[in-house]
Amino acid sequence: MKVLLLICAVFVSFLGLAQPRKFRAPLWTTHDANVDIVGASIGFIPRDFTSDTSLIRTYGVRIEAFPLSFIYFMSPKSPLSSSNAAYFDNLKGNASQLINGLNIATGSFEAIDVNGISTTIFMHYSRKHNGIALAGITNTIERGNGLMIAYGGNEVYHGNGILVGTLFGNSTNTFNGLQISAANFISEKGSGLQIGIFNSATNFRGLQLGLWNKNSKRSLPILNWQFKG
């Protein structure tokens with residue numbers, strides 16, 4: 001009997017702590033808790049700046065206009081994971097927002113997951129991005145699949161697809177696909193095609209086209225290749 005009463009007490013406590021998810025349509029704010037928004041969601045401050053750790057899910061269009069987005073470039077270091085352990089720990093955690101559809105922001109700098117299209121005026125950071133990511137300055141993505149284009153450049157921890165950067169180049173830890181920029185880097189492992197002024201790749205399988213190309217086997221101008229270890 002005591003065991004049964006204990007189980008009942010724990011169950012009732014759990015129900016009391018649980019917060020049911022709310023449904024909102026067609027327009028709502030992301031500054032809410034445990035809400036699913038179908039239509040358009042609007043925010044003004046990254047939720048990482050608040051104490052709310054609940055997940056906001058948007059099915060449609062998410063719009064965030066943060067007045068201080070332009071200072072993101074002053075961050076002392078990249079938010080990208082610096083090791084495999086940190087990378088997987090970060091992706092195992094909960095995202096602050098999940099966007100299925102279109103993400104429009106002045107700048108994103110929180111743990112968001114996007115399935116669809118992101119357009120960011122300044123800098124864009126996300127944990128996971130599947131689809132198209134367009135940024136005025138840089139895309140910084142933990143795990144990206146699809147097309148990623150940024151005027152400044154792209155920084156992707158693990159990616160598959162196409163990277164197009166202009167000013168600062170493309171920097172990746174592991175990447176499979178096409179990289180086009182003034183400078184392209186793969187620090188751990190990759191495959192595909194690199195096109196740029198300078199290309200560098202470790203444990204790479206594919207072709208490099210540029211003024212100077214470096215892989216694990218050799219360094220050559222114009223054309224370099226590696227198809228075997």
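Annotations for the structure displayed:
- Residue in segment 182-194 that is modelled with pLDDT of 95 or more, open to solvent by 10 Å² or more (accessible area, probe 1.4 Å) and of a type in the set (Val, Ile, Thr) present: no
- Of the set (1) modelled with pLDDT of 95 or more; (2) of a type outside the set (D, E, K, R); (3) assigned to a loop (DSSP other than H, G, I, E, B), all apply to Ala95 but (1).
- Every listed requirement among (1) at pLDDT 90 or above; (2) closer than 22 Å to Glu155 by Cα is met by Ser78 save one, (1).
- Looking at segment 21-66, the strands (runs of 3 or more DSSP E) lying wholly inside it that each contain 1 or more residues that are open to solvent by 80 Å² or more (accessible area, probe 1.4 Å) sit at 22-24, 27-29, 56-64.
- Total residues in segment 129-142, condition open to solvent by 50 Å² or more (accessible area, probe 1.4 Å), at pLDDT 95 or above and of a type outside the set (S, T, N, Q): 2
- You will find that of Arg218, Arg143, the residue that is closer than 28 Å to Asn103 by Cβ and among the charged types (D, E, K, R) is Arg143 and no other.
- Residues that are part of a strand (DSSP E or B) and either at pLDDT below 95 or surrounded by 20 or more Cβ atoms within 10 Å (Cβ to Cβ) (or both), drawn from segment 162-173: Leu163, Gly165, Gly169, Asn170, Ser171, Thr172, Asn173
- Criterion applied to Ser108, Ser118 was being of a type in the set (Ser, Thr, Tyr) and out of contact with any Pro (no Cβ under 8 Å at 6 or more places or on another chain), and the one residue passing it is Ser118.
- Hits in segment 203-229 (condition: open to solvent by 40 Å² or more (accessible area, probe 1.4 Å) and farther than 22 Å from Thr166 by Cα): Asn203, Arg205, Ser216, Lys217, Arg218, Ser219, Leu220, Trp225, Phe227, Lys228, Gly229
The values are calculated or read from the model by the stated rules, or taken from the named source; none is laboratory data. Not measured: the values here are computed from a predicted model. Backbone-built Cβ (ideal geometry, glycine too); neighbour counts: all protein chains shown. The protein model used for the area step is the full one, side chains on, heavy atoms only, and it has no ligands, DNA or RNA in it. Shrake-Rupley method; radii C 1.70, N 1.55, O 1.52, S 1.80 Å.
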